[in-house]
1. Counting only other residues whose beta carbon sits under 12 Å from that of R194, what net charge do I get with K and R as +1, D and E as -1?
2. Which three extents, in whole angstrom, do the alpha-carbon atoms of the stretch 6-197 cover along their principal axes, largest first?
3. Semi-axes of the equivalent ellipsoid of the stretch 231-321: what are they in whole Å, largest first, if each equals the square root of 5 times a C-alpha gyration tensor eigenvalue?
4. Based on the Cβ-Cβ distance of L301 and Q79, what FRET efficiency does E = 1/(1 + (r/R0)^6) give at R0 = 22 Å, to the nearest 0.05?
5. Sum up the charges of everything whose Cβ sits under 13 Å from the Cβ of V69, counting Lys and Arg as +1 and Asp and Glu as -1, but leave V69 out.
6. Starting with the fewest neighbours, write out W58, W109, W304, W177 ranked by other beta-carbon atoms found within 10 Å of each beta-carbon.
7. Could you please report the charge total around A255, scoring K, R as +1 and D, E as -1 over all other residues with beta-carbon less than 12 angstrom from its beta-carbon?
8. Among the listed pairs K171/K256; K74/K129; K75/K242; K204/K256, which are separated by more than 30 Å between their Cα atoms?
Amino acid sequence: MRILDDIYDIFGNYATSPPAEPAEVGKGFIYASELSFIARHTLDSPSCETGGDLFGYWTHEGYPIVAYVIGPGKKANRQVTFFNQDEAYLVEAGRALNREHGLQHIGNWHSHHRLGLASPSAHDSATVKRAIENYRLAQFFLVISSVRQTFSPFERTASVNGFLYRAGQEKPIEMEWLVLPGESPIRAVFDEARPELVARPKTKVAAYSDDLRLASFDEPEEVAFQDSSYWLNDEANQRLLKAFLDELEKRYAEAKPTQEDDGTVSVEFSVEARRVRLNFGAAFPQSAPTLTLDDEPLPNLPDWSATLSVEALLDFVANALQPIFSNATAQS
Ligand SMILES: [Zn+2]
C-alpha cells in the first residue's frame with residue numbers, strides 16, 4: 001500500500017497527526033471563486049458589517065478547505081459594528097450543502113467596518129471560544145474581511161484574513177491562503193439547483209488589498225464575474241469622474257465619492273452647509289443622475305442630454321441647485 005505523502009510537503013511533511021505545538025501560521029485552502037465571493041460581498045457593504053458562513057472539509061493537519069461560502073440571509077442583522085447571521089437561512093443552506101455535497105460547516109466570516117482592521121475583535125474571539133466549548137468543537141475557522149478605500153470608490157479593495165481557533169488554545173492561528181484556481185465545483189452545481197439559497201454579491205469584480213496573505217505563488221485569478229455594463233468599469237470614465245470631482249471641488253467644497261450598497265457610485269459635497277449627493281445609477285449615463293439634498297430627493301431635475309462629459313455634469317449640477325442656492329451656482 002502506498003501512502004500519498006507528497007501532498008504534505010506543502011505543510012511541512014507531518015503525515016499522520018497535527019503538530020503538537022501550534023504553528024504560528026497555518027495554511028487554508030479556498031477556491032478562488034469563494035475568496036472572491038467574500039471579497040465582493042465585503043465591497044458591497046462599505047458602511048455596515050456583512051457576513052456569512054464557510055463550508056468544506058479539514059485536511060489531515062486540521063487546516064480548513066473552504067469549498068463553498070454563503071453570504072448573509074435575508075433576515076441577517078447587519079449593523080455598523082456587528083453582524084448576526086439569519087439562523088434559519090444558515091440551517092437551511094447548511095443542511096442542503098451537507099445532504100447534497102457532504103460539506104460541513106467549518107466556520108463563518110464577517111466584515112469589519114471600513115476603518116476597522118481585518119482581524120478578530122476581543123468580542124469575536126470570545127464568541128468563537130464559547131461556541132467551541134458549547135458545541136464541543138475541535139476547532140473553528142473565522143474569516144474577517146474589511147474594505148480598504150483609496151481616493152476613489154472604484155479603487156476600493158478587500159482584505160480577507162483567516163484565523164483558526166482550536167479548543168484549548170488561547171490564540172488563533174493566523175492563516176495563509178492556498179488559493180485553488182477557478183470556480184468551486186460545488187458553486188456551479190449548488191447555485192443552479194438552489195438559487196433561493198444563494199445571496200449573490202452585487203459587486204462584480206473582486207479587488208484584493210495587497211496585504212492578502214497568500215501561501216501560494218499565484219495571485220487569486222479572478223473568475224468570470226466581469227460586468228462591463230456600469231459606466232465606471234471603463235477606465236476613460238474613471239478619469240472623467242476624477243476630472244469632474246476636481247472641478248466640483250473648485251466650485252463647491254470637498255467632493256467625496258462613495259459606493260452605494262447597490263454597487264453604484266455617488267458623489268457627496270456640501271453647499272452652504274447642506275449635504276448634496278449626486279448618484280450615478282445603474283443606467284447612467286443613459287439615464288440622468290439623481291440628486292439628494294440632506295438625504296431628500298430633489299424633484300424637478302434639469303434635462304440630461306445623456307452626453308457624458310465633465311461640462312455636461314457640471315451644468316446638470318449647477319442647474320439643479322440653481323433654484324435653491326441662487327448665490328452658490330452663479331459663478332459657473
Ligand atoms: Zn468582528
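1. After counting each charged neighbour, the total is -2.
2. Computed over the Cα atoms, the extents are 46, 37, 35 Å.
3. Each semi-axis is the square root of five times an eigenvalue, giving 18, 15, 14 Å.
4. On the way: r = 33 Å, r/R0 = 1.50.
Working from the Cβ atoms, E equals 0.10.
5. Neighbourhood net charge equals -1.
6. Values: W58 15, W109 28, W304 18, W177 22.
By the 10 Å Cβ count, ascending: W58, W304, W177, W109.
7. +1
8. Numbers: K171/K256 39 Å; K74/K129 27 Å; K75/K242 37 Å; K204/K256 22 Å.
Result: K171/K256; K75/K242 exceed 30 Å.
No value in this document is a laboratory result; all are computed from the given coordinates. Quick caveat, the model's predicted, so the values are computed rather than measured. Every residue, glycine as well, gets a Cβ built from its backbone with ideal geometry; the counts of neighbours run over all protein chains shown.
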